[in-house]
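Scroll down for the structure; my scribbles are underneath it.
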Amino acid sequence: LHNVYVRDQYKLGTREWLEGSNRAAFAQTLERMLDAIRLNYWQPDAATKRELTRAYNEALKATGLRESNAAVQRFAAAQGNARPSSSQPTVAQPSPPKQAVSEPKTEPQDIIKGLKLELQAPDAKPVTSVVSSLAALWGMALLLGLGAWQQSRRWRPVKNLSG
């Protein structure tokens, strides 16, 4: 995602198009990438983090994204404040060994607010009795039988009664 949408690896103009035509979608895409970093699902280098943070903050200012993730905004603000000094070169630290995946800690500010999804009972199917089903089948059989009887009378050879 980062290489295609932010760095435009294939030179398709995707970033320019998103920034011009759908800035909110671009901000949400950047937000998802920063959230993946925040939750330790993705460990990019420091330059990539800075690039994403800068682009996200610019997109937020440009769009005023109303439905943004507060935890990602705090994370981006913390990334923006933690700038490396220019006298020390940035060296990518090896990532710690992966441990068992655990649920991310939820802070009181991270509680999701909105509509609550509740399990609904499936719609009841209309009850059809066995008697009505058999009556319908008997009626169809009767109609087919009458049609066959009428066709047989139509094609029956007429007997000569005169003699």
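The values are calculated or read from the model by the stated rules, or taken from the named source; none is laboratory data. Just so you know, these numbers come straight off a predicted model, no measurement behind them. Positions of Cβ are backbone-derived with ideal geometry, glycine not excepted, and every protein chain shown enters the neighbour counts.
Looking at the structure I just gave you, is Ala62 hydrophobic (A, V, I, L, M, F, W, C) and modelled with pLDDT of 85 or more?
Working: hydrophobic (A, V, I, L, M, F, W, C): yes; modelled with pLDDT of 85 or more: no.
So Ala62 does not fit the description; no.
Of (1) aliphatic (A, V, I, L, M); (2) assigned to a loop (DSSP other than H, G, I, E, B); (3) at pLDDT 55 or above, Leu134 satisfies all except one. Which?
It is condition (2) that Leu134 fails.
Name the residues in segment 29-79 that are among the charged types (D, E, K, R), crowded, with 16+ Cβ neighbours inside 10 Å and under 20 Å from the mean Cα position of the chain (by Cα), would you? Working first, answer last.
Quick first cut of segment 29-79, residues among the charged types (D, E, K, R) only: 31-32, 35, 38, 45, 49-51, 54, 58, 61, 66-67, 74.
Add one more test, that the residue is crowded, with 16+ Cβ neighbours inside 10 Å, and what stays is 31, 35, 38, 49-51.
Glu31, Asp35, listed by residue number.
Would you confirm whether any residue within segment 143-162 is over 30 Å from Glu51 (Cβ atoms), at pLDDT below 55, of a type in the set (A, V, I, L, M) and out of contact with any strand residue (DSSP E or B) (no Cβ under 6 Å at 6 or more places or on another chain)? Before you say what the answer is, go through the steps one by one.
Filtering segment 143-162 down to residues over 30 Å from Glu51 (Cβ atoms) leaves 143-162.
Subsequent filtering for residues that are at pLDDT below 55 retains none.
Scanning segment 143-162 turns up no residue that is over 30 Å from Glu51 (Cβ atoms), at pLDDT below 55, of a type in the set (A, V, I, L, M) and out of contact with any strand residue (DSSP E or B) (no Cβ under 6 Å at 6 or more places or on another chain).
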